[in-house]
1. If a helix is a whole DSSP H run, which ones in the chain reach 30 Å or further along their own axis (Cα) and hold a mean Kyte-Doolittle hydropathy of at least -1.0?
2. Taking R0 as 60 Å, what's the FRET efficiency between ALA520 and LEU144 from their Cβ-Cβ distance, rounded to 0.05?
3. How big is the gap, in Å, between the Cα center of region 446-487 and the Cα center of region 608-648?
4. Given a Förster radius of 56 Å and the C-beta distance between ARG347 and LEU579 as r, what FRET efficiency does 1/(1 + (r/R0)^6) yield to the nearest 0.05?
5. First select every other residue whose beta carbon is under 11 angstrom from the beta carbon of GLN172; then total the charges, Lys and Arg +1, Asp and Glu -1.
6. Quickly rank 378-388, 326-336, 305-315 as a protection proxy: mean count of other C-beta atoms within 10 Å, highest first.
7. Amide H to amide H, which residues 5 or more places from GLY213 or on other chains are under 5 Å from it, using H placed in the peptide plane?
8. I'd like the distance separating the alpha-carbon centroids of region 80-141 and region 192-255, in whole Å.
Amino acid sequence: ATGRASAIGQIGKSLEDTRTGDSPLRRQIGQWVRRLAVIAIALCIALVLIFGFTRGHWLNALLAGISLAMSTLPEEFPVILSIFMSLGAWRISQRGVLTRRLDAIETLGATTVLCTDKTGTLTENRMVIRKLYGNGQMLEVHALTALPEPWHELVEFGILASEKEPFDPMEQALHALGRRTLTGSEHLHEAWEIVHEYSLSPEMLAMSHVWQGDDQAHHLVAAKGAPEAIIDLCHLPEAEALALAQVAGEMADGGLRVLGVARAKLLPDNLPDNSPENSPAQRWPARQHDIEFSFVGLLGLQDPLRPDVKDAIAQCQAAGIRVVMVTGDHAGTAQAIAREMGLPAGRVLTGTELKQLSDAELRAQLREVQVFARIVPQQKLRLVEACKANHEIVAMTGDGVNDAPALKAAHIGVAMGQRGTDVAREAAALVLLNDDFASLVASIRVGRRIYDNLRSAMTYTLAVHIPIVGIAMLPVLLGAPLLLMPAHIMFLELIIGPACSIFFEAEAEAKDLMQRPPRAANEALFAGRRLTLSLLQGSAALAVVGVVYWVARTMGQDENTTRALVFTAMVAGNIALLLGNRTPDAKRTEANPALRWILPGTAAGLTLTLVIPALRELFHFAGNVPLILAIGVLAAGSVSLLVAAIKLASDRTTDSPPGRMP
C-alpha cells in the first residue's frame, strides 16, 4: 500500500480528521459572558429610561447609562481565562513541559488516570547489560573488562542483531559491552554489511539481520528479541523451551529487561531463488520462521529508575490519580519495576491477554490493573478508549509514529521531546522536553493551582461589580445627584483588571493541592456555593458603601464630598474583596509579587485624586482628605470582617476545609 492507504497514511488521515472544539472552561465562560451582558444591557436601558423620564435630562441619563455599562459589561472574564492559560503555559515550561494546546492546561487538574511508558519516562533510558546466560550458566558482567571465551558468541551475535550505528539504548549497551570486552578479537565485524533485515512486528517480537561476511560462501543471520519469540524461532524441544522460559522469568523478576539471541546460516541452497534478476524480497525467506535458528543465550539489561520517580508516583497516589505503566517488557520485569517505584502489587495484563478481552472486559480490568506488559503501540489506543469509556480523564505518553492516534485520542496526549517523533509531537497537547515523568506530575500540580486561582478570580470579579452597579443606580432611584462618572469607573477598572488576572494568577497554591481527588470533569467553574459566596461578598461591600453614602447624606455633606467619601469606600472595599479571596490556606508569608504594586499603586492613586487640585476637579471631589482616607480604612476593615463572617458561615454548612468552596 502507498500514500493514504499505507499505515503511516492512515495515521496521518486520523490526525487530520480530528478537530478540537472549544474547551469546557471556554464554553462555561462564554455562557457567563452572554448572561451578564444581557443583564448589563437591561440595567443600562432601565437606568437611562428612569433617569430621563424622572428628571428630563436625557444627556445626563445617557452619561449615567454609559458609566453603568462600563462597570457591568463582563469584559474581564475572557481576559482572565486567556491570561491564566498563557501564564500557565509559561509556568509549566519552567518545569520542562512545552504546551502545544492551551486547553490541556485546564484539563490537567481533572486528570484521573495517567498512562505512561516505562523506558525513558520512568527510567533513565540508560541501558546497562548486567547478566549473560548461555549453556546453562549465568554470568555477572557489571564490572568485567574481559569476557570468558564461552560468552563471546552471545555478545557477538547480539551486536550483529543490532544496527551498526545504534540509536536504541539496548543496542548501544550491546555495542558498549563489545567495545569494552571484545576489542582486538575476531568477534567484532566492522567491515561486514547488512544485506537483508527482518523487522520487529506485533506478531513476532524479534528482529533479524542477514550479514555478508568476508569471503564467505554463506550468510550469517543474527536475531534478537523477546525470549519467548526467540525460543519460538529456534523450534526448541518443549522441555528446553520451558527451562529457558523459567530462566528468563527469573531474570525479569529481578527487574532486568531480557533479550534472547539466536543465530543461523543461510547457504545458497537454503535460499528460494538467489538469482540476481530477482527482487530482494524474492531472494530471502519470506519470514523469520522459515530460517533454521540456533539458540545462543539471554541478555539481562537494566535501566535505572529516575531518582524522582518514586516521589512523583507517591504524589499521584495522594492526589487520587491512578498511574498505569504501559511497557513492552516481560511481565516479570514490569512487575519488578512497578514494585520498585511504588505502584500497588497486583496482576500484570499482557498484550496477548489484552487482545483476547472484549471491550467490556477490558474496561473492568482497567479498574484493577495498573501494569500492562508486552504492549504494542497499536494497543495504546484501545487502552485510551477503554479509560474514556470508564469516564476517566486520561493522559497518555508516547514517542513513536504508531503512538500518534492514542496521543490524539487521549484527553491529554504527552509526547517525548528528546526521543519522540515529529508525528507524535504533532499529535500531542504537551511535550516533555526532558522526557521526565516527574515534570508531567509537576504540570498536573500547576494545572490544579491554575484552576483554584481561576475560581478565586471569578468570585472576586463578580463580587466587585455589585457595589459599582448598586452605587450607579442608587442615586437615580433616590432622586439624588449621580455619584459615579466615567472617570471613576476607569479608575476602578485599573484596579480590577490587574487584580482579577495577574494578582490571582500569581497566588500561591493551597496546602492540600495534591492531597485531594481530581475535580469532576463536568464540574461547573462558577455555580452553587461559589456563586452564592460571590454575591454575598459583593452585597456586603455594597452595604458598607451604602452606609457611608447614607451617613454622608444624613450629615448634610455636599455632593462632591459625598462622592469622595463613597468612592474611597468603594476602592477600600475593592481591596478588602481582593484580599478576602486569596488562597485560603496558603502561607501568608508567601508574598504575591503583584501585591507589591497593586496595594501601593492603589493607595497612591487614590491619594493623588484627593490631593492634586486638577485631579480633584476631574473626579469632582471635595472634603477633608485625612478624614476621607480614615473612612476608607474603616470601610476596608468592615468589608473584611463581613467577608470573613460569610466564609465562616459557609464553611459550617459544608464539609470543605475552612475557606474552601466546592
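1. Numbers: long enough: 24-55 (46 Å, 1.12); 437-478 (63 Å, 1.03); 529-554 (36 Å, 0.93); 559-580 (31 Å, 1.00); 625-652 (41 Å, 1.69).
Span-like helices in the chain: 24-55, 437-478, 529-554, 559-580, 625-652.
2. 0.60
3. Here the answer is 16 Å between Cα centres.
4. It comes out at approximately 0.60.
5. Details: positive: ARG126, ARG179; negative: GLU163, GLU165, ASP168, GLU171.
Here the count lands on -2.
6. Working: 378-388: 20.5, 326-336: 23.3, 305-315: 17.8.
Top to bottom by mean Cβ count within 10 Å: 326-336, 378-388, 305-315.
7. LEU220
8. Measuring centre to centre over Cα atoms gives 31 Å.
Any read-out appearing in this document is the output of simple, stated calculations on the displayed coordinates, not a laboratory observation. Only a predicted model underlies this, so the values are computations on that prediction, with no experimental measurement involved. Glycine also receives a Cβ, built like all others from the backbone with ideal geometry; neighbour counts cover every protein chain displayed.
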